[in-house]
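The values are calculated or read from the model by the stated rules, or taken from the named source; none is laboratory data. The model shown is predicted, which means the values in this text are computed figures rather than measured ones. No Cβ is skipped: glycine too gets one built from the backbone with ideal geometry, and neighbour counts run over all protein chains shown. Areas reflect the complete protein model, heavy atoms only, side chains present, ligands, DNA and RNA absent. Shrake-Rupley method; radii C 1.70, N 1.55, O 1.52, S 1.80 Å.
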Amino acid sequence: MKVKELQLHDSAKQVLIDQGLTELYPPQQDAIHAGALDGKNLVLASPTASGKTLIAELCALKHVLERNGKVLYLSPLRALASEKFEAFQKYSGIKKSNGRRISVGISTGDYDSSDPWMGKHDIIVTTNEKADSLLRHRAKWVSDISLVVADEVHLLNDAHRGPTLEVVLARLMQVNPDIQLVVLSATIKNVNEVAEWLKAVAVTTNWRPVTLREGVFLHDEVMFKDGGALSIDNKARDPTLKLALYTVKSGGQALAFASTRRNSISLAKKIAVTIKHLISKPMKRTLTQLSEQILATGARTRISEELAEVVSNGVAFHHAGLGGGHRKLIENAFKEGKIKILTATPTLAFGVNLPARVVIVNDYRRYEPGYGFYPIAVLEYKQMAGRAGRPCYDKVGDSILIAKTEDERDYLMESYILADTERIWSKLAVERILRSHVLATIASDFAHTEQGVFDFFAKTFYAYQYDPQAIKGVIQRSLGFLYAEKMIEVSGDKVLPTKFGRRVSELYIDPLTGVIIRDALTNRADLMSDISFLHMIARTPDMFPKMRPYSKEIDEISFFVEDHKDEFMCDLPDPWMDRIAFEEFLGEAKLAWVLKSWMNETTEDDMIERFSVQPGDLYRLISTAKWLLHASLELATLFGHKDLLERLTKLVVRIEKGVKPELLPLVKLEGVGRARARILFNNGLKTIDDIKMVPLQQLTKLPLFGPRLAKKIKEEVGALVKDEDWERVKKGKSDQQRALTEF
Ligand SMILES: Nc1ncnc2c1ncn2[C@@H]1O[C@H](COP(=O)(O)OP(=O)(O)OP(=O)(O)O)[C@@H](O)[C@H]1O
Ligand SMILES: [Mg+2]
């Protein structure tokens, strides 16, 4: 089927044709024949790289251009959401019937907001969690949504992210029963179950545009699924290094999955030594520039230095410990062919399009603290393998597992390559997860009776897969908890939210988090120090990532606890009586200490050295802490703790910026973070008035203050910048640059 034959607006088809996309892939044709463009609910389960996104795009265009509709695109990960947002941008030049152009928006942050401005967009890309929070806020524009796309729906199986996705889909169907659902999934065993749950047509295919050859490497030979073999014998010793060298020599790029961050780094270093002599001189120069760019992005740390080092040899590593700026740089450099081999943790396994002709699955086992090693699911292996051979980059793809013995080779062939993917199972019916959704159902006025709550949960995937009765017990326990903690009230057969319950639900915090914060504010109002607030949020179930004390740290943390013993929310548990509680407490204390050190201006590199907190973790820690402190501020307001408001407000900013109190006035300025604020302060510029008074030229003499930023800051504080001063500063800077280049 040709693109031009589609029942779709000409301008939309033209965008595709201009991109060289003229013919639909078979799975796409199947989806069209199944009624995708006629408003039918659809579950499209098709292999990696089979073009599922395009179906979502076509349906979106149909709704926006011909049905005056609005589209919500749900993605499980922020990184994937921004890739899809960029993909939709190509349609933003198309005019709608009202003469306006298609507008695309992305909303993934701040859970305590209904983002009213999002309503002006036709296509809105969000994460599942953000969509859940928008539904709780009853964002007005949600009822205008006519099409919902849910990507990577097999993640219903994921214990962390699955339940939210399931509740969001059930809720959207409840809000608007006529909504069209287009659900994209990897091939899974029980597609029909998912489809039946969503009252959708299932379209399943095994078609892939690019052949993916899956094999196992042992004794210098890859044995493929079809019985074929490929001999790879070069001077490298380690199997992964052999494969990397082979790929680069044959002009390709490879993605090597490692099971831990540490492995991804050590593997990248070894590969860099192995392939560096193959990098051409001009490429080497490009890579040197990229290395410098990495060092200049964000704060300089030992991790950015390690990354810059391997990058100069055409290799990089990618994991969640890297800062967002570095991750983006690496992804782009790999896409541009500058990075030849990329090692990665499974963060890159889902959905992304990368030019990996070869995927090397270095380790099929994963380590879970307290659980040990376990083999990954077939579904996860297939996702990793599927990053190889993407149609926009390669004509063929290889995915290679590594075996150490013949037995292991047979095991890998059978258990992964020839195996079917698993069935997926709802993970919803756990009280820890459910109580939050039960509260939301009542607090956002979706149901006001116990029966109403049961009825809603009877529409979830869990109820479909098991028995609706099976979830009733957990719902009742949740209701009991919410009632005891005064988040809901009962009057006759009515169940209504209290102000507390409503606010907790909108703040998108676990009800138990709400209880921990409320009790701390009420019972210890006069005793709350910074450490107390930090320990309070560290104890909540929403604090993520959690921390465990390493054995070598236990003494040091115990000293910290001793120094602040009256400031914690509870007494130190006795390690002899309850070892688990003791370690948990030390983990919370460590977290409070880490956050306190951040606010005391510890550098990012010292955060790695002292606490093993890498930039990516630090970023997540800070955003979670900020969110929970914001929630505490809101609850302090609700419960009338006026005396705490100012301190909490300051704490929110100190956590966000990582500064001591004396820098608070300075970090309010745009473009001034912790480093620049400290420079200003140490040079005697301590207040907004000081900055107003200081001559522009003097400001530009400080490190990290270029003329443009200096001018912007002066204007922001309300000082007048005279033209002649500006000209002088600009000239001064260019003279300085000239002198430097001549030198
Ligand atoms: N009909 C087509 N003709 C040519 N290229 C296409 C066509 N449809 C999709 N593509 C290209 O195929 C690539 C893979 O598509 P897409 O990312 O949608 O795969 P997917 O099925 O979502 O895979 P995954 O399960 O890995 O997420 C994209 O680069 C896309 O531009
Ligand atoms: Mg996809």
request  = Filter the cross-link list Lys650/Lys701; Lys199/Lys382; Lys668/Lys714; Lys270/Lys382 down to pairs whose alpha-carbon distance in this structure exceeds 23 Å.
outcome  = Lys650/Lys701; Lys199/Lys382; Lys270/Lys382
note = Partner lysines whose C-alpha sits under 17 Å from that of Lys499, ignoring same-chain residues fewer than 8 away, are Lys486
key: Relative packing of 546-554, 196-204, which averages over residues the other C-beta atoms within 10 Å, highest first   = 196-204, 546-554
ask   = Protein chains only, probe 1.4 Å: how do Cys59, Cys392 rank by accessible area, largest first?
value = Cys392, Cys59
request  = Keeping every protein chain in place, order Tyr367, Tyr411, Tyr25 by accessible area at 1.4 Å, biggest value first, i.e. largest first.
outcome  = Tyr367, Tyr411, Tyr25
remark   = For Lys427, the aspartates and glutamates lying under 12 Å Cα to Cα, once residues fewer than eight places off in the same chain are dropped, come out as Asp158, Glu166
Phi to ³J(HN,Hα) by Karplus 6.51 cos²θ - 1.76 cosθ + 1.60 over the range 325-336, Hz, x for Gly, Pro = x, 5, 4, 5, 4, 5, 4, 5, 5, 5, 4, 7
note = In whole angstrom, the spacing between the Cα centers of the range 182-215 and the range 17-45 equals 14
task = Could you work out how far the C-alpha centroid of the range 64-117 sits from that of the range 292-307, in angstrom?
result = 33
ask   = Computed over the Cα atoms of the range 311-440, what is the ratio Rg over Rh, Rh following Kirkwood?
value = 1.04
query = In whole Å, what is the distance between the alpha-carbon centres of the range 361-390 and the range 490-565?
reply = 34
remark   = The FRET efficiency for Arg101 and Met577, from their Cβ-Cβ distance with R0 = 60 Å and rounded to 0.05, is 0.35
task = Please state, rounded to one decimal and in Å, the Kirkwood hydrodynamic radius that the range 511-658 gives when every pair of distinct Cα atoms enters the mean of 1/r.
result = 15.5
request  = Report, by chain and number, residues whose modeled amide H sits under 5 Å from the one on Lys70, excluding near sequence neighbours (fewer than 5 apart, same chain).
outcome  = Ser146, Leu147
task = Place a label point 7 angstrom from the Cα of Ala470 along the Cα-to-Cβ direction, then list the residues of the range 414-445 whose backbone nitrogen is under 15 Å away.
result = 423-431
message = Restricting to Cα atoms and excluding each atom paired with itself, what does the Kirkwood estimate give for the range 355-402 in Å?
response = 11.7
query = Along each of its three principal axes, how wide is the spread of alpha-carbon positions in the range 666-742, in whole angstrom units, largest first?
reply = 37, 26, 19
ask   = Which of the aspartates and glutamates could be linked to Lys335 by a straight reach, that is with a Cα gap under 18 Å, when you skip same-chain ones fewer than 8 residues away?
value = Glu83, Glu86, Asp394, Asp398
request  = Give me D for the chain in µm² s⁻¹, whole number, from Stokes-Einstein with Rh from the Kirkwood sum over alpha-carbon pairs, 4 °C and 1.567 mPa s.
outcome  = 45
key: Value of D in µm² per second that Stokes-Einstein yields for the range 3-204, Kirkwood Rh from Cα pairs, at 10 °C (1.306 mPa s)   = 94
Normalised alpha carbon radius of gyration of the range 271-387 [divisor 2.2 N^0.38 Å] = 1.13
request  = With a 1.4 Å probe and every protein chain left in place, tell me how much accessible area Phe481 has, in Å² to the nearest 10.
outcome  = 40
inquiry  = Net charge around Asn41, counting only other residues with Cβ within less than 13 Å of its Cβ (Lys, Arg = +1; Asp, Glu = -1)?
reply    = -1
remark   = At q = 0.16 1/Å the base-10 log of I(q)/I(0) from the Debye formula over the alpha-carbon atoms of the range 441-496 is -0.47
inquiry  = Taking θ = phi - 60°, what integer Hz values does the Karplus form 6.51 cos²θ - 1.76 cosθ + 1.60 yield along the range 19-25, in sequence order, with x for Gly and Pro?
reply    = 8, x, 9, 10, 10, 7, 6
ask   = Restricting attention to the alpha-carbon atoms of the range 211-417, what are Rg (one decimal) and Dmax (integer), both in Å?
value = 16.3, 50
Largest-first principal axis extents of the Cα set of the range 242-281 (Å) = 30, 16, 15
inquiry  = Which log10 I(q)/I(0) values does the range 430-562 give at q = 0.10, 0.16, 0.19 Å⁻¹ under the Debye formula, counting every alpha carbon as one identical point scatterer?
reply    = -0.43, -0.85, -1.04
key: Subset of Lys546/Lys626; Lys96/Lys130; Lys4/Lys140; Lys242/Lys395; Lys130/Lys590 violating a 25 Å alpha-carbon distance limit   = Lys96/Lys130; Lys4/Lys140; Lys130/Lys590
ask   = Got a number for the accessible area of Thr211? Probe 1.4 Å, square angstrom, nearest 10.
value = 90
key: 222 nm mean residue ellipticity, helices alone, for the chain (DSSP H n ≥ 4; -39,500 (n - 2.57); rounded to 500)   = -14500 deg cm²/dmol
inquiry  = Below 10 angstrom from the Cβ of Glu556, what's the summed charge of the other residues (Lys, Arg +1; Asp, Glu -1)?
reply    = +1
key: Counted charge near Arg365, where neighbours are those whose Cβ lies closer than 13 Å (Asp, Glu -1; Lys, Arg +1)   = -2
query = For the range 315-321, what does the Karplus curve 6.51 cos²θ - 1.76 cosθ + 1.60, with θ = phi - 60°, yield as ³J(HN,Hα) per residue in whole Hz, taken in order and with x for Gly and Pro?
reply = 10, 8, 10, 9, 8, 5, x
